[in-house]
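Here is the structure we will look at.
The values are calculated or read from the model by the stated rules, or taken from the named source; none is laboratory data. Model, not experiment: these values are computed from the prediction. Here the Cβ is made from the backbone with ideal geometry for all residues, glycine too, and neighbour counts use every protein chain on show. Areas reflect the complete protein model, heavy atoms only, side chains present, ligands, DNA and RNA absent. Shrake-Rupley method; radii C 1.70, N 1.55, O 1.52, S 1.80 Å.
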Amino acid sequence: MNKHLEQLIELSHVDKEIDAFEPQIEEANLQYDALLATKNSITNEINALKQEIKDEQIKKHKNELHLAELSAKLEENSKKSNEVKTEREMKSLQLEEEIAKEQVSFANEEIERLEKLIDHKQSKIDELEAKAAEIDGTLAGVKADVDVKLARIDEERKEVFARKEALVGAMNQKGLSFYQKIRRWAKNTTAVAVRNQACMGCYMAISDKVYSDVIKGEEITMCPHCGRILFLEPSDAIGA
Ligand SMILES: [Zn+2]
């Protein structure tokens, strides 16, 4: 095969390998990122619950103040009841007392309801904090795994970049800029195989003449339809 063609095909493989690192890096980070996101959402939930508890405690406190006022009022009423002279005054006092007692029981119910709510939210917070602590426990291990994977990817990447550098150094400028012009639009299909006498870039059939040129491989042949560089795969084909 023509040496320049061989170099172009090799370069297209190397470029494809380089592009394949990005998704590998993303995948390596995936689990760690997902754990962090879960932990963040747990923290947000905890903070929201804490704020709600604070608001409910304020409400509870207001009810407690109200209770204190009511009990003072009831005490005052019972003192007054010793001094009432008319039945009318008596009835008015009783009415006031009834209303105050109703308010007392309402405030007590409200305090009870708020306490239950606060307890419930506090146990939810405890649950979430346990979950967050569990995540914290695994986070370091997962990070270490990610770092190992990333280091391995980085090693491989360095190796591929070294191969590319050597290859580009050996290629002539004309061939290289020809390749880069096609790669700008064709990306990882800059050099494509011919299968069943069709270009595997645009999937159009090529003529017998072009096909025989590709088979000979004496010069660089481009697909007459799409302009990609064509080559014939060795029989023990590269998986593409
Ligand atoms: Zn084509």
Checklist outcome for this item: Every listed condition ((1) at pLDDT below 95; (2) under 30 Å from ARG113 (Cβ atoms)) holds for HIS4 save (2)
Checklist entry - Within the stretch 189-222, how many residues are open to solvent by less than 60 Å² (accessible area, probe 1.4 Å), hydrophobic (A, V, I, L, M, F, W, C) and either within 17 Å of PRO234 (Cβ to Cβ) or within 9 Å of the ligand (Cβ to nearest atom) (or both)? => result 10
Checklist entry - Can you tell me which residue in the stretch 202-240 is modelled with the lowest pLDDT, limited to those that are in contact with a Lys or Arg (Cβ under 8 Å, 6 or more places away or on another chain) and assigned to a loop (DSSP other than H, G, I, E, B)? => result GLU233
Checklist entry - Can LYS131 be described as within 14 Å of THR43 (Cβ to Cβ) and part of a helix (DSSP H, G or I)? => result yes
Next on the checklist: With the structure loaded, tell me whether SER123 is more than 16 Å from the ligand (Cβ to nearest atom) and not assigned by TED's automatic domain parsing to the domain that holds ASP55 or whether it fails that test.
Outcome noted: no
Next on the checklist: If ARG157 meets every condition in (1) away from the ligand (no atom under 16 Å from the Cβ); (2) under 42 Å from the mean Cα position of the chain (by Cα); (3) not in a helix (DSSP H, G or I) apart from one, which number is that one?
Outcome noted: (3)
Item to check | the stretch 97-152: number of residues that are β-branched (Val, Ile, Thr) and open to solvent by 60 Å² or more (accessible area, probe 1.4 Å) | outcome: 3
Checklist entry - Is it the case that some residue within the stretch 94-101 is part of a helix (DSSP H, G or I), within 30 Å of GLU52 (Cα to Cα) and assigned by TED's automatic domain parsing to the domain that holds ASN63? => result yes
